[in-house]
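Undergrad: Mind having a look at this structure? Questions to follow.
The values are calculated or read from the model by the stated rules, or taken from the named source; none is laboratory data. All values reported here derive from a predicted model rather than from experimental measurement. Reconstructed Cβ throughout: ideal geometry from the backbone, glycine too, with neighbour counts over all protein chains shown. The accessibility values were calculated without ligands, DNA or RNA, using every heavy atom of the protein model including side chains. Shrake-Rupley method; radii C 1.70, N 1.55, O 1.52, S 1.80 Å.
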Amino acid sequence: MRTAYVAVYETLADWEIGHLVVELRTGRFTGEPWTVVTVGESLEPVLTMGGMRVVPDVTIADVEPDAGDLLVLAGSGQWDNGGGDAFAKLAARFLEASVPVAAICGATAGLARAGLLDERKHTSAAKEYLQATGYQGVGNYVDERAVVGGDLITAGPDSPVQFARAVLQRLELADERKLEAYEGVFHRADPAAYATLVG
């Protein structure tokens, strides 16, 4: 069973990664359930933006990229306050090991500050949002809901469904027909697409 490490920290924007984590853990549409492991800076509980208390399974120090298949980073207040360095360093280790990293919303700013977007195609809330970090990757910014840039998958805060779709695509967990149906069900509320997912 493959493993997704999901970073957890105070004010984590739980809705941004909800679609993705559910599909990975259950495998309900992909046919391949994953193990989901939450990662904190410590084992102390964190409170998400939605008010859920999460106790990390492991700490950053316990994580080795070659023991996992994906690192997921959600937005949170910490990224906009200049924090999250430990998780940005963890992301760098995953990318160096050619293990995919999926970052949405504020997490993209943290990766930008760490120089991890400079040479990779990416997106975020807006080009100007990332430019405010002083990063050097504006030439690789793509104005799309979600972008797959090799081992890096990024999205803006209004695109949790597209984020999930892009990650599932990068991980080759579903074909294009099923991915299109997935987005149809959860983004466009297309009931006809549901038959493709469950068929």
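Yes/no per residue for (1) modelled with pLDDT of 95 or more; (2) of a type outside the set (A, V, I, L, M, F, W, C):
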| residue | (1), (2) |
| --- | --- |
| Ala107 | yes, no |
| Tyr141 | yes, yes |
| Gly156 | yes, yes |
| Ala166 | yes, no |
| Leu171 | yes, no |
| Asp175 | no, yes |
| Thr196 | no, yes |
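Let's see how each residue does on (1) open to solvent by less than 10 Å² (accessible area, probe 1.4 Å); (2) under 18 Å from Tyr5 (Cβ atoms); (3) among the small types (Gly, Ala, Ser):
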residue	(1), (2), (3)
Asp69	no, yes, no
Asn81	no, no, no
Ala86	no, yes, yes
Val99	no, yes, no
Gln131	no, no, no
Gly137	yes, no, yes
Ala146	no, no, yes
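Undergrad: I want to confirm something. Restricting to the range 50-100 and keeping residues that are assigned to a helix (DSSP H, G or I) and acidic (Asp, Glu), which single residue is nearest to Val147 (Cα to Cα)? Step through it out loud before you land on a result.
TA: Quick first cut of the range 50-100, residues assigned to a helix (DSSP H, G or I) only: 60-62, 65-67, 77-80, 85-96.
With acidic (Asp, Glu) added as a condition, the list becomes 62, 66, 80, 85, 96.
Details: Asp62: 29, Asp66: 24, Asp80: 21, Asp85: 23, Glu96: 19 Å.
It comes out as Glu96.
Undergrad: Here's a follow-up. Glu32: touching a residue at least 12 places away in the same chain (Cβ under 8 Å) and closer than 19 Å to Trp79 by Cα, yes or no? Show your work before the answer.
TA: On the way: touching a residue at least 12 places away in the same chain (Cβ under 8 Å): yes; closer than 19 Å to Trp79 by Cα: no.
For Glu32, the condition - touching a residue at least 12 places away in the same chain (Cβ under 8 Å) and closer than 19 Å to Trp79 by Cα - is not met.
Undergrad: Of all residues in the range 177-194 being surrounded by 14 or more Cβ atoms within 10 Å (Cβ to Cβ) and of a type in the set (A, V, I, L, M), which is modelled with the lowest pLDDT?
TA: Of everything passing the filter in the range 177-194, Ala193 is modelled with the lowest pLDDT.
Undergrad: So, in the range 46-103, of the ones that are basic (Lys, Arg) and in contact (Cβ under 8 Å) with a residue 12 or more places away in the chain, which residue ends up farthest from Leu12 (Cα to Cα)?
TA: If we filter the range 46-103 for residues that are basic (Lys, Arg), which is where we start, we get 53, 89, 93.
Add one more test, that the residue is in contact (Cβ under 8 Å) with a residue 12 or more places away in the chain, and what stays is 89, 93.
On the way: Lys89: 18, Arg93: 21 Å.
Step by step, filter the range 46-103, then rank; the result is Arg93.
Undergrad: Please give the number of the condition Thr26 fails out of (1) exposed (fewer than 15 other Cβ atoms within 10 Å of the Cβ); (2) modelled with pLDDT under 95.
TA: For Thr26, the failing item is (2).
Undergrad: Which numbered condition trips up Val46, out of (1) touching a His at 6+ places or on another chain (Cβ under 8 Å); (2) open to solvent by 10 Å² or more (accessible area, probe 1.4 Å)?
TA: Unmet for Val46, out of (1) touching a His at 6+ places or on another chain (Cβ under 8 Å); (2) open to solvent by 10 Å² or more (accessible area, probe 1.4 Å): (1).
Undergrad: Go through the range 148-166 and give me each residue that's within 18 Å of Leu116 (Cα to Cα) and either open to solvent by less than 30 Å² (accessible area, probe 1.4 Å) or of a type in the set (Phe, Trp, Tyr) (or both).
TA: Pass one, the range 148-166, residues within 18 Å of Leu116 (Cα to Cα): 148-156.
Answer for the range 148-166, where residues must be within 18 Å of Leu116 (Cα to Cα) and either open to solvent by less than 30 Å² (accessible area, probe 1.4 Å) or of a type in the set (Phe, Trp, Tyr) (or both): Gly149, Leu152, Ile153, Thr154, Ala155, Gly156.
Undergrad: I would also like to ask the following. Scan the range 101-119 residue by residue and report those that are open to solvent by 10 Å² or more (accessible area, probe 1.4 Å) and either assigned to a loop (DSSP other than H, G, I, E, B) or of a type in the set (Ser, Thr, Tyr) (or both).
TA: Initial filter on the range 101-119 (open to solvent by 10 Å² or more (accessible area, probe 1.4 Å)): 105, 113-116, 118-119.
Correct list: Cys105, Ala114, Gly115, Leu116, Asp118, Glu119.
Undergrad: Right, something else. Here are Ser76, Ser124: which of them is within 17 Å of Leu152 (Cα to Cα), of a type in the set (Ser, Thr, Tyr) and open to solvent by less than 20 Å² (accessible area, probe 1.4 Å)?
TA: On the way: Ser76 fails: within 17 Å of Leu152 (Cα to Cα).
Only one candidate qualifies: Ser124.
Undergrad: Given the condition of a type in the set (Ser, Thr, Tyr), open to solvent by less than 10 Å² (accessible area, probe 1.4 Å) and touching a helix residue (DSSP H, G or I) at 6+ places or on another chain (Cβ under 9 Å), answer yes or no: does some residue in the range 29-38 qualify? I'd like the intermediate steps shown before the answer.
TA: Kept after step one, since they are of a type in the set (Ser, Thr, Tyr), are these residues of the range 29-38: 30, 35, 38.
Now drop any that are not open to solvent by less than 10 Å² (accessible area, probe 1.4 Å), which leaves none.
Checked the range 29-38: no residue is of a type in the set (Ser, Thr, Tyr), open to solvent by less than 10 Å² (accessible area, probe 1.4 Å) and touching a helix residue (DSSP H, G or I) at 6+ places or on another chain (Cβ under 9 Å).
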